[in-house]
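The values are calculated or read from the model by the stated rules, or taken from the named source; none is laboratory data. Because the structure is a prediction, the values reported are computed rather than measured. Positions of Cβ are generated from backbone atoms using ideal geometry, with glycine treated the same way; all protein chains shown enter the neighbour counts. Calculation scope for accessible area: heavy atoms of the full protein, side chains included, ligands and nucleic acids excluded. Shrake-Rupley method; radii C 1.70, N 1.55, O 1.52, S 1.80 Å.
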Amino acid sequence: MICQYCGKREATTHIRRIVGGEKTELHLCPSCAATMGYGSVFDGLDLKGALSGFFGDLSGLSSMARSVRCEKCGCSFEDIASSGNVGCADCYRLFFDRLLPSVKRIHGETSHCGKLPHSASDQDKRAHRVQELRYELNKAIDEQNFEQAALLRDEIRRLEEQA
């Protein structure tokens, strides 16, 4: 697609705005995007270096470990580590043991608890709140914030007694 501003170069920046329910799109080349103040939020960032910090040094992997590829999408662990994108759901299963430490380091948890719908029962809401409080309790204990941990423990007990 050609830049809508200069009409000369290939558009690489795509801007979508919705104002008052009306959607407009603008396709700009890098030069025009920079001129109009739409520079990339990633300018100056070394994403590959940052991602390698999360996934660790890949040079220690054997050539066999580097050559293992997902049968569904064709990604290797090295591809995932360098791009930061997991190819498909099967990649999570195939590379689980190597992804788990990075997922835990990035997100702090390895399981997704999600949100509750507004129509959830009071019992489900209480159980979800207890789960959140247990996470906060473990975090307070790890930080050795024992006063906060005691308050969270008491709140958990109060909610569990209501059940």
Exercise. Expressed as a whole number of Å, what is the distance separating the alpha-carbon centroids of the range 69-107 and the range 3-31?
Worked result: 33
For this session: With a 1.4 Å probe and every protein chain left in place, tell me how much accessible area K72 has, in Å² to the nearest 10.
Result: 150
Exercise. For labels at C73 and E25 in the simple 7 Å Cα→Cβ model, what's the distance in nm?
Worked result: 2.3
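When the chain is fully extended, how far beyond the present Cα-Cα distance does I18 get from Y135, taking 0.36 nm per residue of separation? Don't jump to the answer; show the numbers that get you there.
Details: separation 117, 0.36 × 117 = 42.12 nm, distance 3.76 nm.
Difference between extended and current length: 38.4 nm.
Anything over 31 Å Cα to Cα? Flag those among K115/K139; K72/K104; K8/K72; K23/K104, in the order listed.
On the way: K115/K139 20 Å; K72/K104 25 Å; K8/K72 39 Å; K23/K104 38 Å.
With Cα atoms farther than 31 Å apart: K8/K72; K23/K104.
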Exercise. Rounded if a/c is under 1.5, else prolate if a/b beats b/c, else oblate: with a ≥ b ≥ c from the C-alpha gyration tensor eigenvalues square-rooted, which is the range 114-163?
Worked result: oblate
